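See structure below.
The values are calculated or read from the model by the stated rules, or taken from the named source; none is laboratory data. Because the structure is a prediction, the values reported are computed rather than measured. Here the Cβ positions follow ideal geometry from the backbone for every residue, glycine too, while neighbour counts run over all protein chains shown.
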Amino acid sequence: MKKFLAIALAALMLFSLAACGGNTNETTEVVKIIDINLTEEEYAFGVDKNQPELLEDVNKFIDKIMADGTFDAICNKYFGDGEPTPVKSAVEDPTKDQLVVATNAAFAPFEYMEGDSYYGIDMEIAALLAEELGKELVINNMKFDSVCLSVGEHKCDIAMAGLTVTESRKEVVSFSKSYYGAYQKLIVKADDTTFDNCTDAASVDAILNATEGAATVGFQNGTTGNFYVVGDADWGFDGLNVQPKGYDNGALAVQDLINGNIDYVIIDADPAVRIVENFNAIG
């Protein structure tokens, strides 16, 4: 009888765990990415126009890390099973031989901070570039809108911030060779089925434009997503018939989406993946 009761109790406990979702490691999806590329673009580094020798060195370094597998190894740290390497910044000192990098460390997996350390694909490249040049690395973290401007004003040597090459930015900095292909993606709430039947960017745009300004779309200020939403002749973007809303970073935009303050978010694909994973892990 006791054996029977024990078996019955164990069965009841298993049933209860199953009914309640006994796997505590499961995540609750709150947002999702629409798997359609809205744009195709190339990332490059922006070098001070007064430093043509640095531009030449940067291009040679890009060739080197692409050829010897270093770039792939860095990417594996952020997209595979590798372990990200922290990068430290020295204090800027005009009397020292330094490489001063302008960035916006709110753009994982390319640049972000944990404590007083920098991480990300661009930051690890910056550290290796400084080492290659025999210089001390200084990282100046600032708003994205200021990154190219700081280099154009000769306050920093190079912009390393997931920069898309555009004609207007070419007027401010000298771009290196491209090192990464990027795309813009649309983020929606997890239960939103509005775009489920879309097959390309045109069909996504058509739905957004059909709202006739009733939908609010968030983006990170100064990024490709910003210009995709508001329109820009230099980028070749017509803009969308929506209410635009800019944020200092993509995570703030997605948080506002979750809170119901905006309807959609358009940001770069790789940061979108990281942000969505983080919010869904929180539930």
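Quick one: what pairs do we get from the range 183-203, first residue over 19 Å from residue 273 (Cβ atoms) and not assigned by TED's automatic domain parsing to the domain that holds residue 265, second part of a loop (DSSP other than H, G, I, E, B) and of a type outside the set (A, V, I, L, M, F, W, C), C-beta under 7 Å, 6+ apart or different chains?
Listed by first residue and then by second, the contacts come to nothing, as the list is empty.
Taking only the range 222-251 into account, find how many residues are under 13 Å from the mean Cα position of the chain (by Cα) and surrounded by fewer than 16 Cβ atoms within 10 Å (Cβ to Cβ).
1
For the range 208-221, which positions are surrounded by fewer than 15 Cβ atoms within 10 Å (Cβ to Cβ) and either in contact with a Pro (Cβ under 7 Å, 6 or more places away or on another chain) or on the phi < 0 side of the Ramachandran plot (or both)?
Once the filter is applied, which keeps residues that are surrounded by fewer than 15 Cβ atoms within 10 Å (Cβ to Cβ) and either in contact with a Pro (Cβ under 7 Å, 6 or more places away or on another chain) or on the phi < 0 side of the Ramachandran plot (or both), the range 208-221 yields 210, 214.
In the range 140-196, which residues are of a type outside the set (A, V, I, L, M, F, W, C), out of contact with any helix residue (DSSP H, G or I) (no Cβ under 7 Å at 6 or more places or on another chain) and within 20 Å of residue 53 (Cα to Cα)?
150, 152, 153, 154, 155, 170, 171, 178
Tell me which residues, restricted to the range 60-118, are more than 16 Å from the chain's Cα centre (by Cα), surrounded by fewer than 17 Cβ atoms within 10 Å (Cβ to Cβ) and hydrophobic (A, V, I, L, M, F, W, C).
66, 67, 73, 90, 91
Give me the pairs: first residue in the range 51-66 and touching a residue at least 40 places away in the same chain (Cβ under 8 Å) and among the aromatic types (Phe, Trp, Tyr), second residue surrounded by 13 or more Cβ atoms within 10 Å (Cβ to Cβ) and outside any helix (DSSP H, G or I), beta-carbon distance under 8 Å, and six or more apart or on different chains, which are they?
Note: no pairs meet the criteria.
Which one is farthest from the chain's Cα centre (by Cα) among residues in the range 149-165 that are at negative phi and part of a strand (DSSP E or B)?
158
Scan the range 67-84 residue by residue and report those that are in a helix (DSSP H, G or I) and touching a residue at least 12 places away in the same chain (Cβ under 8 Å).
Within the range 67-84, 70, 71, 74, 75, 77, 78, 79 qualify.
Scanning for something closer than 30 Å to residue 63 by Cα and not in a helix (DSSP H, G or I), does the range 195-203 turn up at least one residue?
Looking through the range 195-203, none of the residues is closer than 30 Å to residue 63 by Cα and not in a helix (DSSP H, G or I).
May I ask you to list the residues in the range 166-184 that are touching a Gly at 6+ places or on another chain (Cβ under 9 Å) and either closer than 22 Å to residue 271 by Cβ or part of a loop (DSSP other than H, G, I, E, B) (or both)?
Within the range 166-184, 169, 171, 172, 173, 175, 176, 180, 182, 184 meet the criteria.
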